[in-house]
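*Asks:* This structure is in structure tokens; I'll ask about it shortly.
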Number of protein chains: 2
Amino acid sequence: MKTKERSSENKICPLEVAVNSISGKWKVPIVWQINEGKKRPSEFLRGIAKVDRRVLNQQLKEMEQDGILTKVSFNELPPRVEYSLTELGEKLVTILWMLNDWGKLMIPAEED
Amino acid sequence: MKTKERSSENKICPLEVAVNSISGKWKVPIVWQINEGKKRPSEFLRGIAKVDRRVLNQQLKEMEQDGILTKVSFNELPPRVEYSLTELGEKLVTILWMLNDWGKLMIPAEED
DNA sequence: GCACATAGGGATAAAAAAGTCACTATTATG
DNA sequence: CATAATAGTGACTTTTTTATCCCTATGTGC
């Protein structure tokens, strides 16, 4: 999910940039799961229910380009790739925790 | 954007609920603009660039159902409707400010 | 009557995102 | 040789989301 036109198109809005960078069905789950340190694509595939390999790669790639994740490819066989949070990504986790707390406030009402 | 299946489908994840409730192209801009107090749909239309009336209504409706916005309809002619943030919505603004700060960290790199 | 403003919605089209399938390549194992 | 891991992608379909168009209704001003 690249940076597209949203509310404002002339000036760069930091909030817009931020929201764009985490707008993707599996991006927040990815950040949420990686917290332990490193994770391989295959681990994400097993951990995050029904993510497709194709889509996972897309989102990982975008997050890497956005500076949220770091990718390390080992020259081994079978191939090994590890993703970890950058400093920026770790700061995001802090905000996600707050969003998580905020989300708790919505649950009683949405529990239908 | 209703609550759909994301990472986990059995247990309710507050973060998932939170993210779902603000996943919508104009939802964050709406919250971001309403901070002053109240806003009429027509004001959003003029304020947020190219939002379409139809889409705006959809997102306002969902946010009202999610408890983020409060809608007040006045029985006047021409009709008047005002949206304002609920307590929950105001708490969201706090988090959006942090996301905004976080987004600033991404801008130098993305300024191509 | 016509145009404008207000708020709202049905039917439909377009665009964007996500998902599916099949293939690449390599080594080890049976 | 077949199969299973590993990571990755091109071509394509499906689903979801957003946008467009045209209607409703009401009162004011021309």
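The values are calculated or read from the model by the stated rules, or taken from the named source; none is laboratory data. Every value quoted in this text rests on a predicted model; they were computed, and no experiment measured them. Glycine gets a Cβ as well: all are built from the backbone with ideal geometry, and neighbour counts include every protein chain shown. Heavy atoms of the whole protein, side chains included, go into the accessibility calculation; ligands, DNA and RNA do not. Shrake-Rupley method; radii C 1.70, N 1.55, O 1.52, S 1.80 Å.
*Asks:* Can you pull out every residue in the stretch B:48-82 that is more than 8 Å from DNA strand C (Cβ to nearest atom), in a loop (DSSP other than H, G, I, E, B) and among the aliphatic types (A, V, I, L, M)?
*Replies:* Result: B:Ile48, B:Ala49, B:Val51, B:Ile68.
*Asks:* Is there a residue in the stretch A:93-108 that is without any contact (Cβ under 8 Å) to a residue 60 or more places away in the chain, part of a helix (DSSP H, G or I), among the charged types (D, E, K, R) and away from DNA strand C (no atom under 16 Å from the Cβ)? Write out each step before concluding.
*Replies:* Narrowing the stretch A:93-108 to residues without any contact (Cβ under 8 Å) to a residue 60 or more places away in the chain: A:94-95, A:97-108.
Among the residues that remain, those that are also part of a helix (DSSP H, G or I) are: A:94-95, A:97-104, A:107-108.
When the remaining residues are screened for being among the charged types (D, E, K, R), the result is A:101, A:104.
Those still in the list that are away from DNA strand C (no atom under 16 Å from the Cβ) too: A:101, A:104.
Checked the stretch A:93-108: at least one residue is without any contact (Cβ under 8 Å) to a residue 60 or more places away in the chain, part of a helix (DSSP H, G or I), among the charged types (D, E, K, R) and away from DNA strand C (no atom under 16 Å from the Cβ).
*Asks:* Something else: List the residue pairs whose Cβ atoms are under 9 Å apart, where the first residue sits in the stretch B:68-85 and is within 14 Å of chain A (Cβ to nearest Cβ) and touching a residue at least 12 places away in the same chain (Cβ under 8 Å), the second is within 11 Å of DNA strand D (Cβ to nearest atom) and open to solvent by less than 80 Å² (accessible area, probe 1.4 Å), and the two are 6 or more positions apart or on different chains.
*Replies:* Partner pairs satisfying both residue conditions: B:Ile68/B:Ile22; B:Ile68/B:Lys27; B:Ile68/B:Glu62.
*Asks:* Can you go through B:Lys104, B:Lys38 and tell me which one is within 7 Å of another protein chain (Cβ to nearest Cβ), within 26 Å of A:Ile12 (Cα to Cα) and open to solvent by 30 Å² or more (accessible area, probe 1.4 Å)?
*Replies:* Details: B:Lys38 fails: within 7 Å of another protein chain (Cβ to nearest Cβ).
Exactly one of B:Lys104, B:Lys38 is within 7 Å of another protein chain (Cβ to nearest Cβ), within 26 Å of A:Ile12 (Cα to Cα) and open to solvent by 30 Å² or more (accessible area, probe 1.4 Å), namely B:Lys104.
*Asks:* Inside the stretch B:45-67, can you point out the residues that are open to solvent by less than 50 Å² (accessible area, probe 1.4 Å) and within 10 Å of another protein chain (Cβ to nearest Cβ)?
*Replies:* Selection gives B:Gly47, B:Ile48, B:Ala49, B:Val51, B:Asp66, B:Gly67.
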